[in-house]
Amino acid sequence: MPVHAYTNWNSRPSDEIEQIEPFRKYFFICEGANTETFYFRRLIDLRKQLGIHPLIDIRLWEKTDEDRNLSFAKNLVAFAEKQKQNPENEFDYERDKMVIVFDGDIFEEKVQGYEELITQIENTDIAGVTNPGFELFLLLHIEGSYEERIKNHEAEFLNMDEDGKYSYAYNVLREITGMNAKKNPEIGNLADNVLIAIDQEKKINQDIHDLKGKVSSNIGKIVEDIINEKPQV
């Protein structure tokens, strides 16, 4: 089984209550096996508090078995297409959307074809990109973090360390929270502050077509659009 779907949509108190089909399902599929999973599981649990419309379902497709550590955005897109075609996943091509979440840092130095990849995704689905990585988006959940930690420090976020990794955002997040975002599930509780993140994200670059060399994220924008969606049914 290549994916495990996590959702709490239409949790019902009893089997006697009729199940209603969602108007639209958003399937999140992420490059990271841990950090993003911790986060989106918590976000899904908050759907009612966030006022997400009852007919909008959010599901996290968690990679399992040999696909668990599948990364690299192009492979992720191919994997997502394969999952769409699996009837067990109940993907409705007419209404549902795949949200493919990945880091932009690999395209800073080494990898070509970024714009082509974004265009390919946006033909049918939604690309969620953070540059350098998802920890940047998590940082935005902390009140005042843009002014205190990001503004005027953009260069540090986009500088590689001696191991060739973009670890600055991870290190700052660990310093503030005391948590290893890659290993501690409690990091997902930052989702409780997603409205703060949505607001602060507007202070950095949200245009994923103009990502290179810029501290960037559009994850908050995607979540805000889902919160604001009101299906006409």
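The values are calculated or read from the model by the stated rules, or taken from the named source; none is laboratory data. Everything numeric in this text was worked out from a predicted model, so none of it was measured. Positions of Cβ are generated from backbone atoms using ideal geometry, with glycine treated the same way; all protein chains shown enter the neighbour counts.
Annotations for the structure displayed:
- In region 126-149, the residues that are of a type in the set (A, V, I, L, M) and either over 19 Å from Ala191 (Cβ atoms) or at pLDDT below 95 (or both): Ala127
- Residue pairs meeting the criteria (Cβ under 8 Å; at least 6 apart or on separate chains; first within 25 Å of Glu62 (Cα to Cα) and in contact (Cβ under 8 Å) with a residue 60 or more places away in the chain, in region 102-119; second polar (S, T, N, Q) and in a loop (DSSP other than H, G, I, E, B)): Phe102/Ser71
- Residue count, region 190-231 (criterion: farther than 20 Å from Asp57 by Cβ, charged (D, E, K, R) and either free of Cβ contacts under 8 Å to residues at least 24 places away in the same chain or surrounded by fewer than 20 Cβ atoms within 10 Å (Cβ to Cβ) (or both)): 8
- Tally of residues being touching a Lys or Arg at 6+ places or on another chain (Cβ under 9 Å), of a type in the set (D, E, K, R), within 18 Å of Gly104 (Cβ to Cβ) and part of a loop (DSSP other than H, G, I, E, B) across region 203-232: 2
- Answer residue from region 140-189, given it is among the basic types (Lys, Arg) and not in a loop (DSSP other than H, G, I, E, B) and is surrounded by the fewest Cβ atoms within 10 Å (Cβ to Cβ) among those: Arg174
- Positions within region 34-65 being without any contact (Cβ under 8 Å) to a residue 40 or more places away in the chain and touching a Ser or Thr at 6+ places or on another chain (Cβ under 8 Å), in sequence order: Ile44
- Of all residues in region 94-139, those satisfying the criterion of being of a type in the set (Phe, Trp, Tyr) and part of a helix (DSSP H, G or I) are Phe107, Tyr114, Phe134, Phe137.
- Going through (1) at pLDDT below 95; (2) farther than 22 Å from Leu138 by Cα one by one, Glu122 falls short only on (1).
- So Leu139, is it free of Cβ contacts under 8 Å to residues at least 40 places away in the same chain and in contact with a Lys or Arg (Cβ under 8 Å, 6 or more places away or on another chain): yes
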